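What follows is a single structure, written as structure tokens, with notes after it.
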Amino acid sequence: MKNIVNLDDLSLDEINDLIDEALAFKNGKVVDYQQKKVVANLFFEPSTRTHYSFDMAAGNLGCRTQNFEASNSSLKKGETLYDTCKLFESIGCDALVIRHSDDDYYKQLAALNVPILNAGDGKGNHPSQSLLDLMTIKEEFGHFEGLKVVIVGDILHSRVAHSNYNVMQRLGMSVYTSGPLEYKQEGYNYVDFDEVIEDMDIVMLLRVQHERHQGDENFSKEKYHQIYGLSLERYNRMKDTAIIMHPAPINRDVEIKDELVESEKSRIFTQMRNGVFVRMAMIHKVLEDE
């Protein structure tokens, strides 16, 4: 497992091992590389949670980090993605955490001799987000088999939805999608949110990408919340044991009513906390395998 770029490339045993390792870190397991390993965070797109979560994870493992700023780099001089990454390999980095706007960007980097951790590629994959989601679900329910989850929002453009849909099905979950019809993904088991909410164990909401709606006079935050958002009325129809998830950042009163963000059923900030432990497991795995 030199790279972790797409969960479709990993066996279920490998996926479960990463989740179990993350749980072990959360429960106090200590690994200390004693500043002898360097992890480079190369974010070619803006990020808060993923970037700083990976940075914290590397620090918790006793690694040094280098944080790349695209706006102050040689990209402005025409340097390619490969050459930028090759630089960080050449100066001695032991793992590269990369987010990039291109789908499958990592296929351009096959010749690198340093492990890659995919922090998000275009609208394709977001393995660390899926793993932290799965860790949160396993903590809550103790298993995956038979659980029902609905993912609500812009499925077509969401790397979170694409990563989760496949891996959750592989783990034996029943996965449904909902949201605006124009953002429906063909073959992704589309349902009416209101018709299934009472049966779901997990309601996973996706961020409304407002940048896709600029100049659209037919779009309003209020209308989205009314039709597709988690309102108080929908919340009250959820199972007592059901949980709410969201990869964040959150548009309050759009995907979810403001007062529900930290409600009893919400695990949104638990997901963020678990992200550090999952990313510790990922970094440790690729460094351990070197």
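The values are calculated or read from the model by the stated rules, or taken from the named source; none is laboratory data. Treat the numbers as computed from the prediction; the structure is a model and nothing was measured. Glycine also receives a Cβ, built like all others from the backbone with ideal geometry; neighbour counts cover every protein chain displayed. Keep in mind that these areas ignore ligands, DNA and RNA; they rest on the heavy atoms of the full protein, side chains included. Shrake-Rupley method; radii C 1.70, N 1.55, O 1.52, S 1.80 Å.
Residues in region 115-156 that are open to solvent by 40 Å² or more (accessible area, probe 1.4 Å) and not in a helix (DSSP H, G or I): Lys123, Gly142, His143, Glu145, Gly146, Lys148, Leu156.
Scanning region 1-15 for residues being under 17 Å from Arg279 (Cβ atoms) and assigned to a helix (DSSP H, G or I) gives a total of 3. Tallying residues that are in a loop (DSSP other than H, G, I, E, B) and either touching a residue at least 40 places away in the same chain (Cβ under 8 Å) or among the aromatic types (Phe, Trp, Tyr) (or both) within region 91-103 yields 4.
So Val208 fits all but one of (1) in a helix (DSSP H, G or I); (2) at pLDDT below 95; (3) within 25 Å of the chain's Cα centre (by Cα); what number is the exception? Result: Val208 passes all but (1).
On the stretch given as region 73-87, residues that are open to solvent by 70 Å² or more (accessible area, probe 1.4 Å) and either closer than 20 Å to Thr50 by Cβ or of a type in the set (A, V, I, L, M) (or both) total 1. Screening region 181-195 for residues that are in contact with a Ser or Thr (Cβ under 7 Å, 6 or more places away or on another chain) and not β-branched (Val, Ile, Thr) and picking the one that is surrounded by the fewest Cβ atoms within 10 Å (Cβ to Cβ) gives Asp192. Within region 4-37, the residues that satisfy the criterion of being β-branched (Val, Ile, Thr) and buried (at least 18 other Cβ atoms within 10 Å of the Cβ) are Ile4, Val5, Ile15, Ile19.
On the given criteria, is His162 without any contact (Cβ under 8 Å) to a residue 60 or more places away in the chain and either under 22 Å from Ile15 (Cβ atoms) or not in a loop (DSSP other than H, G, I, E, B) (or both)?
Judged against the criteria, His162 is a match.
Residue-by-condition table, conditions (1) within 30 Å of Ile155 (Cβ to Cβ); (2) at pLDDT 95 or above:
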residue: Leu61; (1), (2): no, yes
residue: Phe68; (1), (2): no, no
residue: Ser71; (1), (2): no, no
residue: Tyr105; (1), (2): yes, yes
residue: Ala111; (1), (2): no, yes
residue: Ile116; (1), (2): yes, yes
